[in-house]
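Worksheet for the structure shown next.
The values are calculated or read from the model by the stated rules, or taken from the named source; none is laboratory data. None of these values were measured; they are calculated from a predicted model. Cβ atoms come from the backbone with ideal geometry, glycine included; neighbour counts cover every protein chain shown. Note: accessible area is taken over every heavy atom of the protein model, side chains too, but ligands, DNA and RNA are not part of it. Shrake-Rupley method; radii C 1.70, N 1.55, O 1.52, S 1.80 Å.
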Amino acid sequence: PTYILRFPPRKMYVGCAFVASIACLFTGVPTFPGVAEGVTQQVLAGLGILVFVAFFEIGMGPSFYILAQEIFPEKQRALGCSITVAIQFFFNLVINFGFPVAKTAMSGGPSGNQDKGMALSFIIFGVLGLMTVVFLALKMPKTRGELAADDEEDKQSPPESYGSADLE
């Protein structure tokens, strides 16, 4: 989608990660037993999930692949991006398979209050997300929407023209 290219990927990634992390907290807090009841709990938690999904799909989801391309120099880009995506897939598996187990454990077992486990899970995700936002805001390289160059000389030299003599 071309709308993504209108915003610097770093700002989009960090901004959307912030809103998505707040949405996790917004989902977890009302779900915790005794905080909100019935329809109020369901509406607040549902809105939190909708906001999370929206900002993930707008920012973190697609921006991850753009940023992965931008932060590696050309010679290491293919290997760097492959390793980065493999690590992402690994942690996706860990979260997908670990979430039900962690939720049940935090609930006090299968017969415990599952709302408590769900709430604690979202609160933990929200807090970790906010910690990640702070880290990214301080440490993520500023890419200006360009691909990383092999060295500074490439950035300073004018682009080469490709005439018919260059193609032979």
Tell me yes or no: at least one residue of segment 121-128 is modelled with pLDDT under 90 and not small (Gly, Ala, Ser).
no
Report, by residue number, each residue of segment 105-142 that is over 15 Å from THR27 (Cβ atoms), open to solvent by less than 40 Å² (accessible area, probe 1.4 Å) and assigned to a helix (DSSP H, G or I).
VAL133, LEU136
Can you tell me which condition PRO33 does not meet? The list is (1) at pLDDT 90 or above; (2) over 25 Å from TYR13 (Cβ atoms); (3) in contact with a Lys or Arg (Cβ under 7 Å, 6 or more places away or on another chain), and all the others hold.
(1)
Is it the case, given these coordinates, that TYR3 is at pLDDT below 90, farther than 21 Å from LEU138 by Cα and either surrounded by fewer than 19 Cβ atoms within 10 Å (Cβ to Cβ) or of a type outside the set (A, V, I, L, M) (or both)?
yes
